[in-house]
Amino acid sequence: MRIKGLLQSGFPAFTHTTYRWYWWGQTLSQIGSWAQNVSLIWLVLQLTNSPFLMGVVSALQNVPAMLLSLHAGVLIDRFPRRRILLITQSTLMLFSLVMAMLIGLGLVRYWMILVFAMGVGIVNCINNPAKQAIIIELVGREHLTNAIALNSASFNSARLVGPAVAGVLLGLWGATWCFFINGLSFLGVIYILYRLPQTSEYTPPVTNPKGTHSRTSILKEMAEGMKFVRQNPLLLLVIIIVGVISTIGINFNILVPAMAKYELGENALGYGLLMSSLGVGAIVGALFVAMQSYREPDVRVMMGGALGLSLLSVIAGTLSNYFAAAIVFGLMGCCMICFSATANSLIQTQSSDNFRGRVMGVHSLMNNGLTPFGNLYAGFLAELWGAKKTFLLSGLIMLLFLGVLALRKKKGSL
């Protein structure tokens, strides 16, 4: 009874059986994905010895989000999200298993990694916003904020476990097993999605008078989604802030491995544990947001997270001690999730059901679609000046941006 009471009071989204199963399936899958991401970056660094070329790989994973996120939003509003996720998860599983085979046979080359990154990016530009949009179908509007925070906890539990698993596997058997295990991890979530009932929240696809989806109607629906965002000042402001902070300040996949290898002198295990420290802090942040979900999402929590991330980025730029870096990265993970989970909740609560897929497409465009620029920016500066100086500069840029916003609010222009 105590456990049930805790679920109802602190984590009410878990009282929904379908969401609970979905959450566990996603958590296991994301552990595999984090292990794969860490091993992919380390593999590129071993093959090329170049932080910039590592940044190119990360950028290519997000180029499709920049080009296709708005189209993906229309698709998500038109078709059952469960069906979309079954297709995307199965495709990602196939990609991972093929890559595991190439690495295991010693055939992998840098250009193959580029193709793999682009393919994963194309699928994820549909997969990621669909995973966000389906949540309300599983828990309803009342528990939406709690479910979003728990999803962040799931993602960052995987961020904690996945890199540590990758560090061990890379050290013992190499990257092959990271990709293979990730491929197998999709089986659980695919089975759970297959067993999920079709929910009542789903709105039938919108068609033109002839019953088809023409290019004109797709463009019209994209324009309607953008208009909906522009007409909601809070929604527009949050999405702009997400774009700036994500692009400049959340480039851990580039800067942490570069800092670990070249400035802290660590191996694959040390790198993996640094990424895990981010996950520890992020879990703390996600649980804090989840426990606050009985309230409406608070802009102050989002801005406090952004400010903390900016200040800690400046501090990270001054560190030379591994353990101090692990502590600072943990605090950065906490601030990052307080920012991103609250921003996600604000965006979803400001969205109407008919526009949810398109709004999450715009969010994906700003959160992931601008990532190529952030990855190239971080990779270029890390190769030119080093990861620590890049952390320092990024923190100062974010502080300047937040200062401008504060001044504009004080003058009443926000």
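Read-outs: derived from the displayed coordinates by stated rules, not from any lab. Note that the coordinates shown come from a computational prediction; the quantities given were computed from them, not determined experimentally. All Cβ positions, even for glycine, are placed from backbone atoms using ideal geometry, and neighbour counts span all protein chains on display.
Working from the pairwise distances between different alpha carbons, so that the mean of 1/r is found and then inverted, what is segment 22-84's Kirkwood radius in Å?
Details: mean 1/r = 0.0705 Å⁻¹.
Here the Kirkwood hydrodynamic radius works out to 14.2 Å.
Considering segment 291-411, what Rg and Dmax in Å follow from its alpha-carbon atoms?
In order Rg, Dmax, the Cα atoms of segment 291-411 give 16.3, 50 Å.
What are the ³J(HN,Hα) couplings of segment 119-136, residue after residue, when phi is run through the Karplus curve with 6.51, -1.76, 1.60 and θ = phi - 60°? Round to Hz, x for glycine and proline.
Using θ = phi - 60°, the values come out as x, 4, x, 4, 5, 5, 5, 9, 4, 5, x, 5, 5, 6, 5, 6, 4, 5 Hz.
Work out from phi, with θ = phi - 60° and the Karplus expression 6.51 cos²θ - 1.76 cosθ + 1.60, the ³J(HN,Hα) of each residue of segment 65-80, listed in order in whole Hz, and give x for Gly and Pro.
Karplus values, whole Hz, x for Gly and Pro: 4, 5, 8, 10, 4, 5, 4, 4, x, 4, 4, 5, 6, 8, 10, x.
Could you work out [θ]222 nm for the chain from helices alone, using -39500 (n - 2.57) per DSSP H run of at least four and dividing by all its residues? Round to the nearest 500 deg cm²/dmol. All intermediate terms of the calculation are to be shown ahead of the outcome.
Values: 17 runs with 329 residues, N = 414.
Computed mean residue ellipticity for the chain: -27000 deg cm²/dmol.
What do you get for Rg/Rh of segment 66-114 when both radii come from the Cα atoms and Rh is the Kirkwood radius? The partial results should precede the final answer.
On the way: Rg = 15.1 Å, Rh = 13.0 Å.
Reported Rg/Rh (Cα atoms, Kirkwood Rh): 1.16.
Just flag the trypsin sites (Lys or Arg not before Pro) in segment 339-414 sitting in loop per DSSP whose Cβ has no more than 14 other Cβ atoms within 10 Å. Mind dumping the intermediate values first?
Values: sites: 356, 358, 388, 389, 408, 409, 410, 411; in loops: 411.
The qualifying sites are 411.
Specify which residue in the list 104, 302, 186 is farthest towards the positive end of the charge dipole of the chain, using unit charges on the beta carbon of Lys, Arg (+1) and Asp, Glu (-1), about the Cα centre.
Looking along the dipole axis, the top candidate is 302.
Using all Cα-Cα distances in segment 125-166, what percent lands in each 5 angstrom bin from 0 up to the longest?
Spelled out per bin, shortest first, that is 6, 21, 22, 21, 17, 9, 3, 1.
In Å³ and rounded to a whole number, note down the convex hull volume per residue for the Cα atoms of the chain. Can you show the working numbers first?
Numbers: hull volume 57.6 nm³, N = 414.
Dividing the Cα hull volume of the chain by its residues yields 139 Å³.
I need to check one value: relative contact order of the chain, counting alpha carbon pairs closer than 8 Å and at least 6 residues apart, in percent.
Numbers: 685 pairs, mean separation 118.6, N = 414.
Reported relative contact order: 29 percent.
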